[in-house]
Amino acid sequence: MGAKDRPLTAEQRRQRDASLEDLIWGLFGQNNVPFFDKSSFSPTLVEEFVRSEEALEAAEQFATQLLQLWRLRYPGKSLRLRPRGNLSDTVERHVLPDFSDKSAPERPNKGQDAKPVPNADAEGKSEMPTTDQGHSPVPATADSSASSQSDSAPGPSPDTKPESRPGDIPSTGTPDPRPPDPRASFSLPNAKVGVAYAETPQGRTPEGIQVRLVDVRLPEGLGLGFDPDRGEVSGTPAHEGDYRIPLRWTLDGKETYSGDCLLIVNPDPQSLWKVLEPPADAPYRKDHIDSRLIQGDDYRILAASRRGRSHEHAGSFRDDDFHIARDPDSGWDLILVADGAGSAPFSREGSRLAVSAAGDHLSASLAGEMGTRVDEALAGWAEDPQETARAIGTEFHYLFHKAAQLAVQSIEHEAGTRGAAARDYATTLLAAAIRRQGSETFLATFWMGDGAIAAYGPRGRVRLMGTPDGGEFAGQTRFLDRASISDQGFAKRIGIGRFADLNAVLLMTDGVSDPRFETDNGLSDPTRWDALWDDLVPLLELPDPEQRIADWLGFFSPGHHDDRTIALLW
């Protein structure tokens, strides 16, 4: 049998597979313009694919068809296999068969019958055009029938160059003794724009051997540099994007090789947010930022509210609102905050109506007979705290119930005027009535919805004045409506207490409480309140503290982009 039909020896098979592996590796980037992007896969996975029997067989068929096309297009111009070590003519014929034979090229496959070239029909005819030997533009030589002679036929002497016939692959002369360059894959953790970065690229060969980087060429203006002594890429990225970083590496510290590494620089999340204005014809216009300060000889009351990023991005209004007041004659202070439901189209007006209607009623009542009765009861707190608390609690139960009722009626009236449903104005409502007497602070609160009301201080101590309402899913809560004020559990929404040496009384919507405390357990953690107070105090000591706090409300917290409102007495 001919050279093409003899089974390959183990060495011949090894060299043949090595040549085909080179062909496949070239598709994965062992050239200037890779065909496949291998950055999403591990080097081990690609290595396994390249050496698989199926990939080698497909590569052989691919190379075979390319050579058929070459012969048809350029008759008489031989295309040679790139030499690999001592690759013999016999092995070459197995890798790139003799195309003078019309039969489909064969490739041994673990003892099984060789498979035909793809696209062959049932009769073994290839869909690819073949050259008719009877009309070949390259004339056959006198030795053109040598392939049909017996295996014992003598071959050409070492000093004699055999004549070629159509389909033969000429000898290349002296083979290239250089082995292929070793391969290595590299990885770098992702970076983020504006965030300090210091990471060491990791490089390994397919055998798992760690390599050493000699040089890394980073784009100018990216903000990153390479320290060859530490093998570290560091700096602060200035631009987002996917960067293919050229590099040089070594195994032995002498010979270096080229490679590349993918570095992904993610954008600064804040840069992705748009700031859009609401439609010019939208009803119930509201300022995006609002703040107010009431200051006396020994007290200050402050409130600030800011439109959240989600509302900025959507081009909608701020849904939060607040109300603060002080009656210098009675000495009562009031703080109310409200958070309009994001799903309700007119909740921004609902929150304003709620704090206004409830605040006005509380101010009028505490400036009148009701405030006088509470002051008289407070005088006896030290003698009988429990009885005093019960009596005052009853007074505030009716006071807050009436204030909530008036808030609901105000919302229902406005909804009727516009021909809308009251639920389109849905809002929460948190309120606090405060009476300071020396170092003692009396506090009565009403809590409907999420957010927080707290008596904070001294440091390391906090008393929550209720429990936030929550739903089955994140962002759900209870809103102020007729059903909520008719609930038999309404009394549980009232809280009273008398405290010594408080630092502050604070009320806030969930736009502040969620990112600062995250959970109900976090809301009860004094250390988190200490941290919040540490953030606020430097701002409260500056001129125009209400504006400073409004600016502070713009802090960035991933996943928390709602409107933010905070109010406090300190």
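The values are calculated or read from the model by the stated rules, or taken from the named source; none is laboratory data. From a predicted model like this one, the values you see are computed outputs, not experimental measurements. Cβ atoms come from the backbone with ideal geometry, glycine included; neighbour counts cover every protein chain shown. Note: accessible area is taken over every heavy atom of the protein model, side chains too, but ligands, DNA and RNA are not part of it. Shrake-Rupley method; radii C 1.70, N 1.55, O 1.52, S 1.80 Å.
Among residues other than Gly194 whose Cβ falls under 14 Å from its Cβ, what is the net charge (Lys/Arg +1, Asp/Glu -1)?
The answer is -1.
Got a sec? What order do Asp268, Asp321 fall in by accessible area at 1.4 Å, biggest, i.e. largest, first?
Final ranking, largest accessible area leading: Asp268, Asp321.
Roughly how many nanometres apart are two label points built 7 Å out from the Cα toward the Cβ at Asp535 and Ala314?
2.3 nm
With the crude spin-label approximation of a point 7 Å out along Cα→Cβ, what separation in nm comes out for Asp298 versus Phe556?
Label at Asp298, label at Phe556, 4.5 nm between them.
Find the eigenvalues of the gyration tensor of the Cα atoms of the range 289-569, then list the square roots of 5 times those eigenvalues as equivalent ellipsoid semi-axes, largest first, in whole angstrom.
Calculated on Cα positions only, the semi-axes equal 27, 23, 17 Å.
Tell me, what ³J(HN,Hα) does each residue in the range 558-570 have, in order and in whole Hz, if you take phi through Karplus 6.51 cos²θ - 1.76 cosθ + 1.60 with θ = phi - 60° and put x for Gly and Pro?
Listing the rounded values in order: x, x, 10, 9, 7, 4, 10, 9, 9, 9, 8, 10, 9 Hz.
Quick query: amide H of Asp320 versus all other amide H atoms, modeled in the peptide plane; which residues come in under 5 Å with a sequence gap of 5 or more or a different chain?
So Asp320 has HN proximity to Gly340.
Under 9 Å from the Cβ of Ile289, count the other residues' Cβ atoms, weight Lys and Arg +1, Asp and Glu -1, and hand me the total.
0
Amide H of Ala504: which non-local residues (sequence gap of 5 or more, or other chain) have their own amide H closer than 5 Å, using H built in the peptide plane?
Tyr456
If I model a spin label at Ser78 and Glu57 as a point 7 Å from the Cα along the Cα→Cβ vector, what separation in nanometres do I get?
Label at Ser78, label at Glu57, 3.1 nm between them.
Each residue of the range 380-395 in turn: what ³J(HN,Hα) in whole Hz from Karplus with 6.51, -1.76, 1.60 and θ = phi - 60°, glycine and Pro shown as x?
x, 4, 5, 6, 9, x, 5, 5, 5, 5, 5, 5, 5, x, 5, 4
Tell me, rounded to the nearest percent, the portion of alpha carbon pairs in the range 389-521 spaced more than 23 Å apart.
Summing the P(r) of the range 389-521 above 23 Å gives 39 percent of all pairs.
Tell me which residues come under 5 Å, amide H to amide H, from Thr427 once H is placed; ignore anything under 5 positions away on its chain.
Amide H neighbours of Thr427: Ala341, Leu480.
Work out the FRET efficiency for Ala500 and Lys192 from their Cβ-Cβ distance, taking R0 = 51 Å, and round it to the nearest 0.05.
0.60
Could you state the per residue volume, in Å³, of the convex hull enclosing the Cα atoms of the range 185-266?
Measuring per residue, one finds 81 Å³ for the Cα hull of the range 185-266.
Quick one: Karplus J couplings for the range 256-263, per residue in order, coefficients 6.51, -1.76, 1.60, θ = phi - 60°, nearest Hz, x for Gly and Pro?
Computed from phi, the couplings for the range 256-263 are 10, 9, 8, x, 8, 9, 8, 10 Hz.
FRET efficiency for Phe49 and Trp273, Cβ-Cβ distance as r, R0 = 45 Å, nearest 0.05?
Using R0 = 45 Å, I get an efficiency of 0.60.
Starting from 0.36 nm per residue, how many nanometres of slack lie between Arg212 and Arg390 once their C-alpha separation is accounted for?
56.4 nm
Report, to two decimal places, the Cα Rg of the range 438-502 normalised by 2.2 N^0.38 Å (N = number of residues).
That works out to 1.31 for the range 438-502.
What net charge do the residues around Lys38 carry, taking every other residue with its C-beta under 12 Å from that of Lys38, with Lys and Arg at +1 and Asp and Glu at -1?
-1
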